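No value in this document is a laboratory result; all are computed from the given coordinates. What you see is a predicted model; the values in this text were computed from it and never measured. Here the Cβ positions follow ideal geometry from the backbone for every residue, glycine too, while neighbour counts run over all protein chains shown.
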Protein chains: 2
Amino acid sequence: MGKATKELSAREVFARNLRRARRLKDLSQEQLGLEAGLSRAYVSSIELGERNVSVDNMGLLANALNVPLRDLVDPDKFRGLD
Amino acid sequence: MGKATKELSAREVFARNLRRARRLKDLSQEQLGLEAGLSRAYVSSIELGERNVSVDNMGLLANALNVPLRDLVDPDKFRGLD
């Protein structure tokens, strides 16, 4: 029952991986936002899957976390964390 | 002189990889657009790096091409093609 993990949409994968990668770096949403030049509220809404985030902002967030963007859209990365 | 390939922005990598992946599949911009539910003009502008494409549309395009989205944002994929 329920969808397999691999069935997550691109938005859902990015939302989940962003949160997990941020936590791995021990950053708050506010700290990540400051680093990326985005607001805490915007980071929060992305992590909740509420925002249809753009490629430019995806790049800013990946750079701020110092992870390759490909990892943030990879359903097999950051699995089983949190 | 000039930026190294690895310095391409996320938008530039996606634009380049989308075009190369589409050509590998022998699809026209119109065919890809039809498959993804997007217009030919929109696909064209994404490939030119003119559009700040959203994660939802990135997912639609990756699905239409039957490639993982992570490959379309990976600077080391589809290199040296075209």
Q. In the set A:69, A:18, A:61, which member is within 12 Å of chain B (Cβ to nearest Cβ) and under 13 Å from residue B:69 (Cβ atoms)?
A. A:69
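Among the residues of region B:8-24, is any over 26 Å from residue A:49 (Cα atoms) and over 11 Å from the mean Cα position of the chain (by Cα)?
yes
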Q: For residue B:32, indicate whether it is farther than 17 Å from residue A:8 by Cα, of a type outside the set (D, E, K, R) and crowded, with 21+ Cβ neighbours inside 10 Å.
A: yes
Q | Sole exception among (1) free of Cβ contacts under 8 Å to residues at least 24 places away in the same chain; (2) surrounded by 13 or more Cβ atoms within 10 Å (Cβ to Cβ); (3) not in a helix (DSSP H, G or I) for residue A:26, by number | A | (2)
Q) Can you tell me how many residues in region B:29-58 are in a helix (DSSP H, G or I), more than 11 Å from the chain's Cα centre (by Cα) and not basic (Lys, Arg)? A) 10
Q: Collect the residues in region A:43-57 that are surrounded by fewer than 17 Cβ atoms within 10 Å (Cβ to Cβ) and within 14 Å of chain B (Cβ to nearest Cβ), keeping them in residue-number order.
A: A:45, A:48, A:50, A:52, A:56
